[in-house]
Amino acid sequence: MASLIEGRAALIVIDMQQAGYQPFEQAGIPLMPGFAAQVERVLRVVDASRAAGVPVVFTQEAHRRDLVDFGRELDGDESIHCLEGDPGTELVEELRPRQGDYFIAKRRYSCFFGTDLEILLRGLDVQTLLLVGGLTDVCVHYTFADAHQWNYHVRVLEDCVLGSTVERHNAALSAMEYLQHGARRTSEDVLAALDKLTQPAVTQGT
């Protein structure tokens, strides 16, 4: 199995938004059970990453209220979701950027699509991405695939992601492991690795 962290790591916290607490009829996105427990596990990893000097990047999906930026997103099982100004669009209170963290707003599924994430990661000299958040089969999977094609080592913390259904969650994890052997890790694996890791801060110009 590949080393968990190759080179410098960054933690990507994907769309941990208040809609996770809402029913589908309100949130517009189906979600398998377990969101509250997921928040607790993700928070542990966020805290450990900060302590180890690993950059933490929070992402938030948000759409304009006139729906002009949805594109084909509403052609499948999802209905209107993550509108700007809606309470469900806000990040979970415990999982919001602090001083020293980074924030990426996005209109589509992949954290790379139409954002400056790649510029940020290059500036941080990152080689390994640790992915948590949701949905496993949508934003996490699409971000993983893009990161893979950008030649990053990618690890998905399988107990820190939730899918639209259990079946799609498991299928997406299998697909990610297909792309990179050793991609599937647990939060305990990552916490143990972070406990042994101290990354020096990246200084401007490096």
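The values are calculated or read from the model by the stated rules, or taken from the named source; none is laboratory data. Owing to the predicted nature of the structure, the values given are computational and were not obtained by experimental measurement. Reconstructed Cβ throughout: ideal geometry from the backbone, glycine too, with neighbour counts over all protein chains shown.
If you go through segment 153-188 and pick out every residue that is out of contact with any Gly (no Cβ under 9 Å at 6 or more places or on another chain), among the hydroxyl-bearing types (Ser, Thr, Tyr) and not in a helix (DSSP H, G or I), you end up with 2. Test Leu74 against the criterion of being modelled with pLDDT under 90 and either farther than 24 Å from Lys196 by Cα or surrounded by fewer than 21 Cβ atoms within 10 Å (Cβ to Cβ) (or both), and give yes or no. For Leu74, the condition - modelled with pLDDT under 90 and either farther than 24 Å from Lys196 by Cα or surrounded by fewer than 21 Cβ atoms within 10 Å (Cβ to Cβ) (or both) - is met. Among Ser187, Ser174, which is small (Gly, Ala, Ser), modelled with pLDDT of 95 or more and farther than 21 Å from Ala37 by Cβ? It is Ser174. For segment 3-45, residues that are surrounded by 17 or more Cβ atoms within 10 Å (Cβ to Cβ) and either of a type in the set (Lys, Arg) or on the phi > 0 side of the Ramachandran plot (or both) total 4.
Can you pull out the residues in segment 48-59 that are touching a Ser or Thr at 6+ places or on another chain (Cβ under 9 Å) and either of a type in the set (Asp, Glu) or crowded, with 21+ Cβ neighbours inside 10 Å (or both)? Of everything in segment 48-59, those that are touching a Ser or Thr at 6+ places or on another chain (Cβ under 9 Å) and either of a type in the set (Asp, Glu) or crowded, with 21+ Cβ neighbours inside 10 Å (or both) turn out to be Pro55, Val56, Thr59. Does any residue of segment 110-126 turn out to be assigned to a strand (DSSP E or B) and either of a type outside the set (Val, Ile, Thr) or on the phi < 0 side of the Ramachandran plot (or both)? No. Screening segment 127-141 for residues that are part of a helix (DSSP H, G or I) and touching a Lys or Arg at 6+ places or on another chain (Cβ under 8 Å) and picking the one that is farthest from Thr186 (Cα to Cα) gives Asp137.
Residue-wise test of (1) farther than 26 Å from Glu188 by Cα; (2) in contact (Cβ under 8 Å) with a residue 40 or more places away in the chain; (3) out of contact with any Phe, Trp or Tyr (no Cβ under 7 Å at 6 or more places or on another chain); (4) not hydroxyl-bearing (Ser, Thr, Tyr).
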{"position": "Cys111", "(1), (2), (3), (4)": "no, yes, yes, yes"}
{"position": "Asp146", "(1), (2), (3), (4)": "no, no, no, yes"}
{"position": "His153", "(1), (2), (3), (4)": "no, yes, yes, yes"}
{"position": "Glu167", "(1), (2), (3), (4)": "no, no, yes, yes"}
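The criterion of being closer than 22 Å to Phe113 by Cα and modelled with pLDDT of 95 or more does not hold for Ala36. For segment 84-129, the set of residues classified as surrounded by 14 or more Cβ atoms within 10 Å (Cβ to Cβ), out of contact with any helix residue (DSSP H, G or I) (no Cβ under 8 Å at 6 or more places or on another chain) and of a type in the set (Val, Ile, Thr) consists of Thr115, Val126, Thr128, listed by residue number.
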